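Notes follow once the structure below has been shown.
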Amino acid sequence: MIRREFRQALEAQHNVLLALWVIFACGILIYIAVAQIFLADRQLAISYAFAQTAKMFIWFLTFVDIATLFWWKRRFLTNEAILGGAKRYKVLQALQGHKGESEERAAAFVSSYVTGKVVAFALAEAVAIYGFALVLTSHYFVGQYILSIGSGLLLLLEFPSRGFLTDLVDAAETNRRSFNNEETA
């Protein structure tokens, strides 16, 4: 049985994820603003060959990053992966006040979800950073806009779900109840 206070602490992690999501989303706008304010009117002293090579390399990194994001989600952010313990993280400090096995299990599940989501946010944000790198290395603003929009769409796909987090907590509690029923049978 999960205490009401601890359940609230577990569910409060959704607010933490929302705050982080907003920070990552604002970062995309900051990259565009910095490029427009500080780099739009400046001529970069780089060769054409370097700029073309840098563009190709940055686009390659972008595709690798996006593929990694989808792999990460499928491998570590599905319900089955979290409940099965595919990747175990240290329990978040805010959740270390657990008492009992079901609270400990719920804290582990929520910690895995929150940590995995932060990694996914960072991978989505990296796409916008690659766009900023396009401007820095080759003054290619169209590429920055494309990658910034792509990063925004990836972040939208990663929007943290309160329902998913609640389902993890419920699964931790249900698992313990099932264990008790089996133990007494």
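Residue 142 meets all of the listed conditions (1) surrounded by fewer than 17 Cβ atoms within 10 Å (Cβ to Cβ); (2) not in a helix (DSSP H, G or I) but one, namely (2).
Only a single item in (1) over 30 Å from residue 54 (Cα atoms); (2) assigned to a helix (DSSP H, G or I); (3) open to solvent by 20 Å² or more (accessible area, probe 1.4 Å); (4) modelled with pLDDT of 90 or more is not met by residue 159, and it is number (2).
Checking segment 115-138 against the condition returns a match, with at least one residue being of a type outside the set (A, V, I, L, M), free of Cβ contacts under 8 Å to residues at least 60 places away in the same chain and buried (at least 21 other Cβ atoms within 10 Å of the Cβ). Quick check on segment 101-111. Is at least one of its residues modelled with pLDDT under 95, open to solvent by 60 Å² or more (accessible area, probe 1.4 Å) and out of contact with any strand residue (DSSP E or B) (no Cβ under 6 Å at 6 or more places or on another chain)? Yes: one or more hits.
The values are calculated or read from the model by the stated rules, or taken from the named source; none is laboratory data. Values in this document were obtained by computation on a predicted structure and should not be read as measured data. Don't worry about glycine lacking a Cβ; one is built from the backbone with ideal geometry, like all the others, and counts go over all protein chains shown. The accessibility values were calculated without ligands, DNA or RNA, using every heavy atom of the protein model including side chains. Shrake-Rupley method; radii C 1.70, N 1.55, O 1.52, S 1.80 Å.
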